[in-house]
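Written below as structure tokens is the structure these notes are about.
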Amino acid sequence: MNFTKLKEEIIQYSKQIGIDKIGFTSASPFVELKERLRVQQENGYQSGFEESDIEKRTNPQLLLPQAKSIIAIAIAYPSKMKDAPRSTRKDPRGIFCRASWGTDYHLVLRDRLSKLEEFIKQKVPEATLKSMVDTGELADRAVAERAGIGWSGKNCAIITPEFGSYVYLGEMITNIPFDPDQSIEDRCGSCNKCVDACPTGALIQGGQLDSNKCIAFLTQTKGFLKEEYRTKLGNRLYGCDTCQTVCPENKGKDFHLHAELEPDPELVKPRLKPLLTMSNREFKEKYGHMSGSWRGKKPIQRNAIIALAHYRDKTAVPVLLELIENDPRPVIRGTAAWALGKIGEQSSLPRLMHLMEKEQDSDAREEMEKGIALLKSES
């Protein structure tokens, strides 16, 4: 079979189904990546969300024994929001990162990969294919880099010449022996803006990330957030865009190519106080289609409380006291008590002291003590 012609047909078809960039590479092991991942593990830099087996992450043959090639795809997403609502002193808002705008990208990329699979199967019925997006074993960035989608930036994102780093990535392993594409030369050079701008110093050096310090990771954790990171969170509810927004390669890059990736301004920049009393059902109905909802409402609500502390929003005091008294989750009760201390509304002190007497959870009590100490220090 003429695989060169098939490759051209796949490229043309990919444009018709809404794939913005496509590249091809061999299915040989990712040797350099293997060493980097080993160092990441040794240093404790991994988040725990990724595949833990380094062999599976770096050897495509373990996932598809007859693998010959990998097809990498990229879909561009918007970086600017039209008609963004304003945050006000009495009605502050939080923000979801750009990668969580619109419909969950896992669904969007799986749709494109599924269509691509069908197309290839029609052309080559005996083809074997295995697609994955983000949660698969392979490292998306390593595949995209080798397939010429873009280069791996110092901000640990794939940067494309056309769309900057505002792209979602997916890949498909196959037994078809396609000619590999050329990788793109790294254009970061001496620029270190992302490393310097990282709020928590999570970018250890260009291209190396300590996930446990990364705000994007921290916003997805479910427990108490370390106090050193609470002040860095700002009004972020999910994810962090700092290392992308400071990147010179992203300047002027804003693509609105896919209707399902367009943000609903009221959802991605929501009012903070209503988030705190939202039921599971309401949260699922409103936010269930977004990738930022995958961990449930608890991390989002905890982050919203920290954002209210960031704004020192005194109008939030009644709802925070209500949470401390009635919410069944220690993380929410404790974080709300700490937030009251940061907000500094003295009238909340007597009730907070009374509520601490009834608190049974030791971690929540510790946060209440912090809140009370902060309030007393300002009196």
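Please give, to one decimal in nm, the separation of the simple spin-label points placed at residue 162 and residue 325, each 7 Å out from Cα toward the Cβ.
Rounded to a tenth, the inter-label distance reads 5.8 nm.
Out of 62, 340, 247, whose Cα points farthest toward the positive end of the dipole of the chain (charges: +1 Lys, Arg; -1 Asp, Glu; placed on Cβ)?
It is 340, whose Cα lies furthest towards the positive end.
Mind telling me which of 286, 297, 232 comes out most flexible in a GNM of the chain, alpha-carbon contacts under 10 Å?
Residue with maximal mean-square fluctuation among 286, 297, 232: 286.
List every residue whose amide H lies under 5 Å from the amide H of residue 24, counting only residues 5 or more places away in sequence or on a different chain, with H placed 1.01 Å from N in the peptide plane.
Residues meeting the amide H criterion: 72, 181.
Straight distance only, please: which aspartates and glutamates reach the Cα of residue 226 with their own Cα at less than 14 Å, same-chain residues fewer than 8 apart left out?
363, 366, 367
Starting from the 7 Å offset along Cα-to-Cβ, what nm value, one decimal, do you get for the label separation of residue 181 and residue 362?
The answer from the label model is 5.5 nm.
Could you identify which residue out of 164, 18, 189 has the top mean-square fluctuation in a GNM of the chain using Cα springs shorter than 10 Å?
The residue that fluctuates most here is 189.
Return the sequence-ordered ³J(HN,Hα) values of region 352-366 in whole Hz as given by the Karplus equation 6.51 cos²θ - 1.76 cosθ + 1.60 applied to θ = phi - 60°, using x for Gly and Pro.
Going residue by residue, I get 5, 5, 5, 5, 5, 4, 8, 5, 9, 7, 5, 5, 5, 4, 4 Hz, with x marking Gly and Pro.
Is the shape of region 219-293 best called rounded, prolate or oblate, per the rule: a/c under 1.5 gives rounded, else a/b larger than b/c gives prolate, else oblate, with a ≥ b ≥ c the square roots of the Cα gyration tensor eigenvalues?
The shape class here is oblate.
Where in region 85-194 are there trypsin sites (Lys or Arg not before Pro) that are in a DSSP coil and have at most 12 other Cβ atoms within 10 angstrom of their Cβ?
Qualifying residues, ordered by number: 86, 89, 90.
Could you pull out every residue, at least 5 positions away or on a different chain, whose amide H is within less than 5 Å of the one on residue 264? Hs are placed 1.01 Å off N in the peptide plane, and Pro or chain starts have none.
Hits under the 5 Å cutoff: 102.
Mind listing the phi-derived Karplus ³J(HN,Hα) values for region 270-277, rounded to whole Hz, using 6.51, -1.76 and 1.60 with θ = phi - 60°, and x for any glycine or proline?
Couplings: x, 4, 6, 4, x, 4, 6, 10 Hz.
Rounded to the nearest 20 Debye, what is the dipole magnitude of the chain about its Cα centre when Lys and Arg each give +1 and Asp and Glu each give -1 at the C-beta?
The dipole of the chain has a size of about 880 debye.
Report, by chain and number, residues whose modeled amide H sits under 5 Å from the one on residue 238, excluding near sequence neighbours (fewer than 5 apart, same chain).
Here the answer is 95, 97, since their amide H atoms fall under 5 Å of that of residue 238.
For residue 7, give me every one of the aspartates and glutamates with a C-alpha distance below 18 angstrom, ignoring sequence neighbours fewer than eight places off in its own chain.
20, 117, 118, 126, 171, 179, 181
Mind putting a number on the dipole of region 193-378 about its Cα centre? Charges go on the C-beta only, +1 for Lys and Arg and -1 for Asp and Glu, and I need it in Debye to the nearest 20.
20 debye
Find, among the GluC sites (Glu not before Pro) in region 75-126, those assigned to loop by DSSP (not H, G, I, E, B) with at most 12 other beta-carbon atoms within 10 angstrom.
Passing sites in region 75-126 are 126.
Which FRET efficiency, nearest 0.05, do residue 376 and residue 228 yield, Cβ-Cβ r, R0 30 Å?
Efficiency, rounded to the nearest 0.05: 0.85.
Tell me, what ³J(HN,Hα) does each residue in region 314-321 have, in order and in whole Hz, if you take phi through Karplus 6.51 cos²θ - 1.76 cosθ + 1.60 with θ = phi - 60° and put x for Gly and Pro?
Going residue by residue, I get 5, 5, 8, 4, x, 6, 5, 4 Hz, with x marking Gly and Pro.
Filter the cross-link list 273/370; 222/370; 56/284 down to pairs whose alpha-carbon distance in this structure exceeds 28 Å.
As for pairs spanning more than 28 Å Cα to Cα, those are 56/284.
Residue 354 versus residue 103, label points 7 Å from Cα toward the beta carbon: distance in nm?
The modelled label-to-label distance comes out at 5.1 nm.
If r is the Cβ-Cβ distance from residue 63 to residue 346 and R0 is 45 Å, what FRET efficiency results, to the nearest 0.05?
0.15
GNM, the chain, Cα, under 10 Å: largest mean-square fluctuation among 12, 346, 360?
In this elastic network of the chain, the residue with the biggest mean-square fluctuation among 12, 346, 360 is 360.
Given the pairs 21/193; 269/376; 193/269, which are separated by over 30 angstrom at their Cα positions?
Long pairs (Cα-Cα over 30 Å): 269/376.
Readers should treat all values here as calculations from the given coordinates under stated rules, not as data from a laboratory. Fair warning: this is a prediction, and the values are worked out from it, not measured in the lab. When we count neighbours, we look across all protein chains shown, and the Cβ atoms used for this are built from the backbone with ideal geometry, even at glycine.
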